[in-house]
Amino acid sequence: MTTRAQLRKAALAQPEVEQGTHFGMPAFLVGGKGFALMTKDGHVQLSLPEADVDAALTIFPSGEPVLRGGTQIGFKAPLTDVNGKVLNDLVRRAWAHRAPKRLAKAAAAAESAADQAAGDLPAIGRPATRALAGAGITTLDQVATHPRAELLALHGVGPRAIRILGEAWDARGVTWR
């Protein structure tokens, strides 16, 4: 079961997101365009391309397409029916669908860097590697220029990733701040 707080965290983890309201409902925007909102009846509504809507509908039979003028513009499902991992993926897809092209391109590049085990970072997990790459951090030397608390604030970087990065610094005989 996913909560409103998890939806908020997933949406705000994307670059340049602003939280606002749409007809009194919590909404998340990128570049002035809404990509996710929480309806008054407890549904998550995401702006998605048609192919992603079709895929979401096969995963969530309780979901439904969102139509405007007869055109499919998104997907809506009870938030309690969507697990957190799938929600994170759908929110990321909705964000990419509505984000300015330059921003979506930069995020795709960061995702690609994470897939290719960027720089000399140890194996800290895909979400943490993606988060660091998205912040422009692809080497241990770049990690050292950031306090641990700042890295922990990145969505996807947790205590395990920080511990592994610290061990990598210890192996080099260098103290990390």
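The values are calculated or read from the model by the stated rules, or taken from the named source; none is laboratory data. This one's a predicted model, so the numbers in the text were calculated from it and none came from an experiment. When we count neighbours, we look across all protein chains shown, and the Cβ atoms used for this are built from the backbone with ideal geometry, even at glycine.
Considering only helices (runs of 4 or more DSSP H) fully contained in the stretch 50-133, which possess at least 3 residues that are within 12 Å of the chain's Cα centre (by Cα) and modelled with pLDDT of 90 or more?
Once the helices (runs of 4 or more DSSP H) in the stretch 50-133 are filtered for at least 3 residues that are within 12 Å of the chain's Cα centre (by Cα) and modelled with pLDDT of 90 or more, what remains is 84-98.
If you take the residues of the stretch 146-173 that are in contact with a Lys or Arg (Cβ under 9 Å, 6 or more places away or on another chain) and farther than 20 Å from Gly84 by Cα, which of them is surrounded by the fewest Cβ atoms within 10 Å (Cβ to Cβ)?
To start, the set of residues in the stretch 146-173 that are in contact with a Lys or Arg (Cβ under 9 Å, 6 or more places away or on another chain) comprises 146-148, 155-156, 162, 165-166.
If we keep only those that are farther than 20 Å from Gly84 by Cα as well, we get 146-148, 162, 165-166.
Values: His146: 16, Pro147: 11, Arg148: 16, Ile162: 18, Leu165: 22, Gly166: 14.
Top of the filtered list is Pro147.
Looking at the structure I just gave you, is Thr71 out of contact with any strand residue (DSSP E or B) (no Cβ under 6 Å at 6 or more places or on another chain) and farther than 24 Å from Lys33 by Cα?
Here the answer is no, as Thr71 does not meet what is asked.
Give the residue that is nearest to Val82 (Cα to Cα), with candidates limited to residues of the stretch 18-48 that are in contact (Cβ under 8 Å) with a residue 24 or more places away in the chain and exposed (fewer than 15 other Cβ atoms within 10 Å of the Cβ).
Of everything passing the filter in the stretch 18-48, Gly42 is nearest to Val82 (Cα to Cα).
Can you tell me which residue among Thr71, Thr80 is of a type in the set (Ser, Thr, Tyr) and more than 21 Å from Leu12 (Cα to Cα)?
The match here is Thr71.
Looking only at residues that are among the hydroxyl-bearing types (Ser, Thr, Tyr) and at pLDDT below 90 in the stretch 1-25, which one is farthest from Asn88 (Cα to Cα)?
As a first pass, look at the stretch 1-25 and keep what is among the hydroxyl-bearing types (Ser, Thr, Tyr): 2-3, 21.
Keeping just the survivors that are at pLDDT below 90 gives 2-3.
Working: Thr2: 10, Thr3: 12 Å.
Among those residues, the one meeting the criterion is Thr3.
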